[in-house]
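Asks: One structure follows; several queries about it will come next.
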Amino acid sequence: MTNSPLTLDDFSETHSDWEMVSDQVMGGVSDGTLAHEALRGRMALRLTGLVSTENNGGFLQMARDLGEGQGMDASGYTGLELDVLGNGEVYNIHLRTADVTRPWQSYRASFTAPSDWTTLKLPFKDFEAHRITSPLDLKSLRRIGIVAIGKAFTADVAVADLRLYP
């Protein structure tokens with residue numbers, strides 16, 4: 001185990017390595033935007049939009065590959081910590097590892113995005129496998145996504161800091 005947090009992104013600068021992905025890749029109609037902006041005194045990455053379950057859809061996601069696309073070893077950490085601001089809705093964190101081979105597979109944990117900046121800790125032990133039988137292998141963490149998913153609603157979630165915590 002490591003003794004200090006590892007910042008994955010502090011969002012102090014515009015990052016082109018984050019991308020917005022919607023259910024439109026599979027025929028859905030959800031529509032959103034991803035913006036780097038100042039919110040209540042902090043620079044953040046903000047996902048906004050309308051999640052629709054029409055046409056078998058139902059998600060908007062801001063995601064990035066880790067370790068220059070090669071993945072990273074996060075096995076020395078207990079979980080993810082994020083500084084988050086939102087509209088009181090429930091969102092997910094989706095993790096992908098080398099074992100994840102299909103777009104619908106991931107390891108998931110949920111959180112509520114409060115209306116004031118709040119630091120949340122999501123222990124890796126609380127992430128649940130979704131449509132995959134392999135256990136979460138933190139030695140091959142490849143991608144992280146913050147996802148508005150599963151119901152029709154207005155998404156508005158911002159992250160100002162994202163870290164692995166010991």
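The values are calculated or read from the model by the stated rules, or taken from the named source; none is laboratory data. Remember, predicted model here, so these are calculated numbers, not experimental data. Counting neighbours? That spans all protein chains shown, and the Cβs are built from the backbone with ideal geometry, glycine included.
Asks: With the condition kept exactly as written, say whether any residue in the range 44-55 is among the acidic types (Asp, Glu) and part of a helix (DSSP H, G or I).
Replies: Yes.
Asks: State which residue is surrounded by the most Cβ atoms within 10 Å (Cβ to Cβ) when the search covers only the range 123-157 and only residues that are more than 25 Å from MET1 (Cα to Cα) and of a type in the set (Ser, Thr, Tyr).
Replies: Within the range 123-157, the match that is surrounded by the most Cβ atoms within 10 Å (Cβ to Cβ) is THR154.
Asks: Are any residues in the range 138-165 in a loop (DSSP other than H, G, I, E, B) and either under 21 Å from GLY71 (Cβ atoms) or at pLDDT 95 or above (or both), and if so, which ones?
Replies: Residues satisfying the conditions are LYS151, ALA152.
Asks: A further question follows. If I go through the range 66-122 residue by residue, how many of them are acidic (Asp, Glu), in a strand (DSSP E or B) and surrounded by fewer than 18 Cβ atoms within 10 Å (Cβ to Cβ)?
Replies: Adding up the residues that qualify gives 0.
Asks: Oh, and also: When both residues are 6+ apart or on different chains and their Cβ atoms are under 8 Å apart, which pairs have a first residue that lies in the range 2-22 and is outside any strand (DSSP E or B), and a second that is among the β-branched types (Val, Ile, Thr) and buried (at least 16 other Cβ atoms within 10 Å of the Cβ)?
Replies: Pairs found: PHE11/VAL159.
Asks: Moving on. Would the range 125-137 turn up any residue that is part of a strand (DSSP E or B), touching an Asp or Glu at 6+ places or on another chain (Cβ under 9 Å) and among the β-branched types (Val, Ile, Thr)?
Replies: Scanning the range 125-137 turns up no residue that is part of a strand (DSSP E or B), touching an Asp or Glu at 6+ places or on another chain (Cβ under 9 Å) and among the β-branched types (Val, Ile, Thr).
Asks: Can you find, within the range 26-63, the residue that is surrounded by the fewest Cβ atoms within 10 Å (Cβ to Cβ) among those that are β-branched (Val, Ile, Thr) and without any contact (Cβ under 8 Å) to a residue 60 or more places away in the chain?
Replies: That would be THR33.
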